[in-house]
Structures are given as C-alpha cells and as structure tokens.
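Undergrad: Before we start, here is the structure in question, set down as structure tokens.
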Amino acid sequence: MSYQVIAIAGFIYIIAMPIYVVHLITKSKKVGYLATASFLLGLLIHLIGFVQRYKEMYAINQSLLHSIPITNLYESIVFFVLCLVGGYLFIEWKYKKKALGVFVSTLAGIIISLTDLLGVTKEVQPLVPALKSNWLLAHVTLSFISYAAFAVGFITAALHIVVASESKKSFKYILSTFLLGFMLFTFISVIIDILYSSNPKTVRIFQSTLGNSSAVVSTISWIALLSFILGFWYIGDKIKNLLTTLRIDSDFLEEITYKMIAFGFPIFTIGGLVFGAIWAEQAWGRYWGWDPKETWSLITWFVYAFYLHSKFIRGWRGTKTSIIAVLGFLVTLFTYLGVNLFLSGLHSYGSM
Amino acid sequence: MSKLNRLNEKIWQFFSSVDLAVALFIVISIGAAIGTVIPQRSEPDIVIKFFSKFLPMNLSLNLYEIVSLLDLNNVYHSWWFTFLLFMFALNLVICSIDRLPNLLKSIKKPTQPYPESFLRSISTKKEFIYKSKRQEILEKMLNLLKHNKFSTTLFETSQGIQIYCSRWSKSRLAVYLTHFSILIILAGALVGTFFGLRGYINIVEGTSSNLAILDNGRPIYLPFEIACDKFEVEFYENSSVPKAYRSYIRIIEDGKNVKLNNKENFVVEVNEPFTYKNITFYQATYGFQLTEHTLFKFKFLNNEKEYLVNLEFEKKNKLPNTNVYISVIDFSPALGVDEEGRFFTMDSSMINPAALILFEEGNRKFHKWILARVPESWQTPYGQLKLTEVWGAQFTGLQFKKDPGVILIYIGSTLLCVGLFICLFFRPLRFFVFLEGNKVIFYLPTKKESVLSEIDKILNKLEGK
C-alpha cells in the first residue's frame, strides 16, 4: 500500500535530521553530501509513494484529474511535506548552503509523524460529491505549496531572530528560541511515541512523553522540554557562530524569509483564497461565507500582508519584521490543522 | 486658517499611513477570529451555554451582555466590522493618491547624473580593473546588461562615465492594480448585499413549485416554476458512500417548458449548478417524504420472463401470470437490522429503500420486506420480485441565489492575482556603474545574495573569466 511506502520516506526524513546536525557541528563536506543524499532519497521514495497513491485513487475514482491524492487530512499532510522537502532541496541547491536542513528535516519529521499520531485514516477513500471539482484540485495544491513556502520562511525567520537579536531578554528572541526548542523536543517525542506504540492508531501525540501515565516519565519529559527551550535560549549566540561558519548570516536569512513569503503570498492568494472562493461559489452558492476555515485563511493573508508592508513602516527593519513571519506560520498551522481540531466548519479535512 | 490646514494635513497623513493599514489588518483579524470562536447568528442561550462551558453561570450571563452590546454573536455583519472594512477601503484610496507622485518619479529615468557623493554612500561596492580599451569594455558591458533585461542611461561626467541601470521599475505600478482590485472586491460584496437574493426551494419528485424561502425566512415566488422529475443519489459500488446527488429538473414559464440550447431537461449536481435568468440553483439537500403519487417500481421474474410492476402505496395490483395480489403496506428509506434481528429505519435518506409487501392468494395472506439493495430479500414463492425504484417519495432541496456582485468579485480577484504576481515576482532593481580611469565600479543599493550573485556573473563575463 502507498502509505507504507510513504512511511519509509518519512523514516528517511527522520534519519536525515541527525546527519544534518552532524554536518552543522563538524562542517564536514562529506557528511553534508550524505545528509543531502538521504534527504533526496527520502524525497524520491516519497514521490514513488505519491504516484502509487495516485494509482490507488484512480482505481476507485476512474478520473485522471480527481485522483490526485490531496483529498483528506492524511493526503494533505503527505503533500505538504513533499512540497516542503522538494522546495527546501531546491533552495539548498540554488544557494549551496546546507545548514537549514537541520530545521527543515525536523519539521518534516514532525509533520509526517502526525499522520500516525492524530489518528487520521490512511485508507484510500472514494471522493464525496462536493470534492469533485477541478477548482478544488487547484485550490488545495496551491494552498499547500504556499504553506510549504511559509514553513521555510518560518524557519529562516526564527533563525534570523536568534542570529540577529541583540538582547536575550527580548520577546522575539524568547519566542523564537522557545519555538525552536519546542520543535526539537516534539521531534524526539514523536519518534518515541511511534516507537513505543504497538498499534499506531491508538497513540496520541506526546502520549509517551509529556502525557505519559507514569508520573516519573511525564515529569522527566516536562523537565526535558524545559531544558530544550532554555538550552536553545542559552546557546543562541553559539548557533549564530555555527551558522556563520557555514556562510549563513543574518542578511541571508532575512532574504530567504522575504523570498519565501513573496513567493508564497501570491500563490496563497490565488490558490487559497480566490480558487477556494470560486469552488465555494460553485458548490455552495456563495464565494465567501465566513466559515472558520475561510476566516482563518483571511487572517493568515492579513498577517503576511502585514509582513510585506512592514518594511514601509518607519523603524521596522530586520528582526522586527521576522517576528511577523514567525507568527504568520503559527497562524497558518492553525488555519491548516487547528481549525479542524478546535472549530467546526465545512472543510472535509475536519473528519478524521 | 493655517491651523485648519495643519489639521487637514494631519488627517490626511493619518489616513494615508501604512501604520493605519497595518493596524487595520490586526484589528480586522482579531475581530474575524472572535467570530470563529463565539457561536454566530444563534439564540442567546446557545452563546451563554458556550461560555458556561468554561465560566461560572453568572459570569457567562454578564459576558453575554457584552457580546450582544458589541454584536460579537454577529461579528461579520456588525456595525463596527463594516466600519473597519470601510476604513480599510478609505485607507487604500487615500494612501494610493498620496504616494502616486513619488512613485511616478521613481519610475522615470534620471535626466542628469547623480552626484558622486551619493554613489559613494551606497552600501555595496564591487570593482575591477580592465585592461582593454574603454569603448570596448563599455560596449561589452552594455550588451551584458541588456541581455539581463536592464535598461541603461549613460552620463558623461568630469570624472568618467556614470551608467544608471534599472530593471522592472514599472512593476511598482502593479501595487496600484493590487490595491484597486481589493476595492473592486469590496464593491462586489456591497452589490451582493444590496441587490442579491438567497434562499432555498424544496420540490418533491413529480411536482413543480415556485414558492421559495429566503434566508431571512421571508417566502417569495420565483418568476418561473421548477419541476423536479427525479432525484437520485448514486452510491459507490457496494457501499453507502454517496458518489453523486442529482436532480433532474425542468423550468416552466407561462405553462410551457423553457428550452435552453434546444434542451428542456436539466441536471443539477453538487459542483454543477444551473442558472436561469441570473438565478443560480445549487444541489444543497434532499429528503424523504411519502406522497399520494409515490410509485413503487418492481421487476418481477416469473418463468424466465421479466415483467414491470408499478404499485401505488396501499393499492392492490395483480402479479402478472399469477393469481396473487400484492400491495405495499409499509416503507422505509433505509432499512437496517438491529442486533436482535428487528428492522428499523436507520436514515432518512434513501440509502437502502425497502417496501413491506402484502401478498394475497385467495385466503392466504403473508407479508415480507423487500430491500432494494439486498438480493436475498427478492425471493418470493412466485418468483423474484426486485424493488428497482421508489419514485415520487423524495424531495430535492435546491439552494438558489442571485448575486450581481459576483462578476465584480471575479474581476477583482483576477486583477488581485495579476497585480501580486507582477509586484512580487518582478522585483524592481536599480544600481549604478561608474567607469573611472581604468576601473569599473558597481554601486549596488542592496545586500541581497541573489542580486549580488547575478552581478557577479556579469562581472565574471566582463573580465572574461
């Protein structure tokens, strides 16, 4: 089955992460190549799984266009990670800098693991009538491409703040190191979650760590989380030195953040908002209905519009604008997953 | 008088500032977010119940006072949200007017060289020493710049030659396209609010109607009648997952069927709306309702011969080729069997229609359920009796709307996308090249790596590397 192939790809993404870390610390070129090679291998297997999934969908739906596997939460997560890894490898190739791979592989590992930990169904399902639309296809595909761009922008923005902040007591520095530390902890936690689960469908995220039934393990986990966050907060300047020796400086991070958002924003506008509106008009008879998903997409749009306009505000340069890119991705995540988990609406990904 | 002018200027500055725009982004976002949390357009008790989930009751009641005062249970149609959107539009207009002169200036090519002190103040500088003739290197450089889509303006100064290079500077104008398109979208929404119409109409299979209910609960008569000949739900093979919902309709105007493109039968499906006289109909819901004209259609197999048998509810009919009279005495749209073997109706949609048939042969009477999708249930002592269709027992729920603003929304959205793509994918770039003695100096007002690497490539070619 396709999800088994995709699980292998996810496993390789997770393996790639420590290799990138070793590269970051040792600066060995060979390790760098190994890291890229493993990430690329993961991407290839991922693509094979994607194509296989497409075939499985086609067997049910008998439609070339409507068989593109992006129609439920599992498939959307898989497609998002595909865009994230593909997009990142393109940047790595274009700028010949590998250090960002540590964070991209961490994020890719966490998100692909969510398919096991949110209890989402991985079975191929026939399309319900509302989802049979070419607009939907364009809407979802472009949305996830833009989300992937925002994700890379989030990583570079958070690193930019860590690298360029003058004070460790500033809110943006604390928030960025908190998020990076939390990301790293989550990465390790989801691996433990998956390793210790006999049947993945019954495991919830953080169940084997923070939410462990044993008070000892749970306490240790909380202490670990706290030390990860404090650790990141403390070693911010060391990260800066590490990155600088790998030719990643504050200007580069700022530039990539801007590039990612300048690329993602128009894609999000056309795919997320406009195509979504056209689809809604055809399926439900209204282009806009303040459905929670729609509303949060608009909020996401406003946050990134804020980012793009912030350079025109007097005194807003550098890390101050990067914090908006960080917040923007948190809002994006909420639009993508949070709305379905916490608010009700019309979008099909809500049903897991 | 001057005091008034100053006040005017301050107001103008306030409305043209990016600060206001950004503040509006934030406030509108927060307002919109509140609307996704607090139940919207619902009765007070639902809102209070929502709060009481995490607050004590008396506090919930107090909170509801605030909610109803600020229309937080109807955020998107509240006076303050409308006001914020109005401010947003005003900000866009005034900001655009305010910035136009400066923008036009920045697009124009300079008519005289920039002072040398200005060039020297530019952050990034790249230089190399050339050995060939000046004219030769100049020509080569101009060609290279042209090849990279830069337009160039040359000035001879006392120190040397100053070249002003720019690319895609006109893409700055696309900002206007983007901002203007947002105004069009807002205008489209306004038109829809004031001149639009929305509601729904339910039609039972085999009947026609023009009585519709608007979203605000007011009934209206459409200028034409809609007849529903048939409604069907198609399922994926061997499952109860619906594949398609379909209404077969006709439009009746002045007692006649309306023909469009020589067709008078139309199909409305999810994602395939139907439009007549600017009113668009969408497949929205459906339901089950037994009526007088409901027809149960059977296929009866007797001695290798197939007969079609139609039955009305509770009316007797003879089974062909036999002495048996049958009638339908009960019906279920979706018959299920519970753990104790009892039948029950599990859904109001026609997932598995079933009819309870009374068989009468002389004095002998018995009854039996026949389920449309369960072949085992078709067997009777007289032959196979298959329930093929229950017609006239469903209604289709069509949503309709008339929104003259949609065209504006589409135009605005298209312009918005075009504008954004030009704005963000064709970043304007300008820089200076200075030829002084045997040196070529590039002055770049940017540190962007992608730009610098492009310039490096030009430099490498220039040096013949």
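Undergrad: If you count, for each residue, the other Cβ atoms within 10 Å and average over each peptide, how do A:266-279, A:29-42 line up from highest to lowest?
TA: A:266-279, A:29-42
Undergrad: Let me see the pair-distance distribution of the protein assembly as shown: every alpha carbon pair, 10 Å bin width, integer percents in order.
TA: Over the protein assembly as shown, the share of Cα pairs per 10 Å bin runs 2, 10, 16, 20, 19, 14, 9, 5, 3, 1, 0, 0, 0 percent.
Undergrad: Same structure again: Could you compute Rg(Cα) / (2.2 N^0.38 Å) for the range A:29-92, with N its residue count?
TA: 1.33
Undergrad: Helix check for chain A. Which DSSP H runs span at least 20 Å along their own axis by Cα, with a mean Kyte-Doolittle hydropathy no less than 1.0?
TA: Qualifying helices, which must be both long enough and hydrophobic enough, are A:2-26, A:73-95, A:101-117, A:134-164, A:171-195, A:215-234, A:319-333.
Undergrad: So what's the range A:257-352 giving for Cα Rg divided by 2.2 N^0.38 Å, two decimals?
TA: 1.18
Undergrad: Largest first, please: the extent of the C-alpha atoms of the range A:1-127 along each principal axis, to the nearest Å.
TA: The Cα atoms of the range A:1-127 stretch 50, 28, 18 Å along their principal axes.
Undergrad: If you look at just the Cα atoms of chain A, how large are its Rg and its Dmax in Å?
TA: 20.1, 59
Undergrad: Using only Cα atoms, locate the centre of the range B:304-363 and the centre of the range A:99-119, then give the distance between them in Å, rounded to an integer.
TA: Value for the Cα centre distance between the two parts: 56 Å.
Undergrad: Would you report the distance distribution of C-alpha pairs in the range B:3-106 as whole percents per 5 angstrom bin, up to the bin with the largest distance?
TA: For the range B:3-106, the binned pair fractions read 2, 12, 16, 15, 12, 11, 9, 7, 7, 5, 3, 1, 0 percent.
Undergrad: 7 Å from Cα along Cα→Cβ at both residue B:190 and residue B:207: what's the point-to-point distance in nm?
TA: About 4.3 nm separates the two model spin labels.
Undergrad: Quick check on the range B:106-166: what does the Kirkwood estimate of hydrodynamic radius come out to from the alpha carbon pairs, in Å?
TA: Across the range B:106-166, the inverse of the average 1/r is 13.1 Å.
Undergrad: What is the Rg over Rh value, at two decimals, for the range B:313-463, using alpha-carbon atoms and the Kirkwood definition of Rh?
TA: 1.65
Undergrad: Relative contact order for chain B: what percent, with Cα pairs under 8 Å and sequence separation of 6 or more?
TA: 19 percent
Undergrad: Next question. Ballpark to the nearest 100 Å², how much total accessible area do A and B bury together, probe 1.4 Å?
TA: Answer for the A-B pair: about 4100 Å² buried.
Undergrad: With the crude spin-label approximation of a point 7 Å out along Cα→Cβ, what separation in nm comes out for residue B:340 versus residue B:143?
TA: Spacing of the two 7 Å Cα→Cβ label points: 9.6 nm.
Undergrad: What pairs in A:29/B:133; A:311/B:53; B:230/B:365; A:238/B:447; A:320/B:461 have C-alpha atoms more than 32 Å from each other?
TA: A:29/B:133; A:311/B:53; B:230/B:365; A:320/B:461
Undergrad: Continuing with the same structure: May I ask you to give the solvent-accessible area per residue for the protein assembly as shown, in square angstrom, as obtained with a 1.4 angstrom probe?
TA: I get 49 Å² per residue for the protein assembly as shown.
Undergrad: Checking understanding here: applying a Kyte-Doolittle mean of at least 0.5 and a length along the axis of at least 27 Å (C-alpha), which whole DSSP H helices in chain B pass?
TA: Once both thresholds are applied, what remains is B:18-37, B:79-107, B:174-195, B:406-425.
Undergrad: List the lysines whose Cα sits under 30 Å from the Cα of residue B:49, skipping any in the same chain fewer than 8 residues away.
TA: Partners within reach: A:293.
Undergrad: Under 16 Å between alpha carbons, and skipping anything fewer than 8 positions from residue B:316 in its own chain: which aspartates and glutamates qualify?
TA: Output for residue B:316: B:292, B:330, B:360, B:361.
Undergrad: Let me have the 222 nm mean residue ellipticity of chain B computed from DSSP H runs of 4+ only, each contributing -39500 (n - 2.57), with the sum over all residues rounded to the nearest 500.
TA: Theoretical 222 nm ellipticity from helices: -11500 deg cm²/dmol.
Undergrad: Further question: Running Debye on the range B:295-389 with equal point scatterers at the Cα sites and no solvent, what base-10 log of I(q)/I(0) appears at q = 0.17 Å⁻¹?
TA: Each listed q corresponds, in turn, to -0.71.
Undergrad: Quick one: Cα convex hull volume of the range B:301-347, Å³ per residue?
TA: Enclosed volume per residue, from the Cα hull, is 124 Å³.
Undergrad: Return an integer: the convex hull volume of the alpha-carbon atoms of chain B, in Å³ per residue.
TA: Looking at chain B, the number lands at 340 Å³ per residue.
Undergrad: Separate question: If I compute solvent accessible area with a 1.4 Å probe over the protein chains, what percent of it on chain B is carbon and sulfur?
TA: Carbon plus sulfur share of accessible area: 56 percent.
Undergrad: Which number do you get for Rg(Cα) / (2.2 N^0.38 Å) in the range B:419-465?
TA: Against the empirical 2.2 N^0.38 Å value, I get 1.41 for the range B:419-465.
Undergrad: With the solvent-accessible surface defined on protein heavy atoms using a 1.4 Å probe, which residues belonging to the range B:422-443 display a reduction of at least 30 Å² in accessible area in the multichain context relative to the isolated chain?
TA: B:424, B:425, B:427
The values are calculated or read from the model by the stated rules, or taken from the named source; none is laboratory data. From a predicted model like this one, the values you see are computed outputs, not experimental measurements. Positions of Cβ are generated from backbone atoms using ideal geometry, with glycine treated the same way; all protein chains shown enter the neighbour counts. Areas reflect the complete protein model, heavy atoms only, side chains present, ligands, DNA and RNA absent. Shrake-Rupley method; radii C 1.70, N 1.55, O 1.52, S 1.80 Å.
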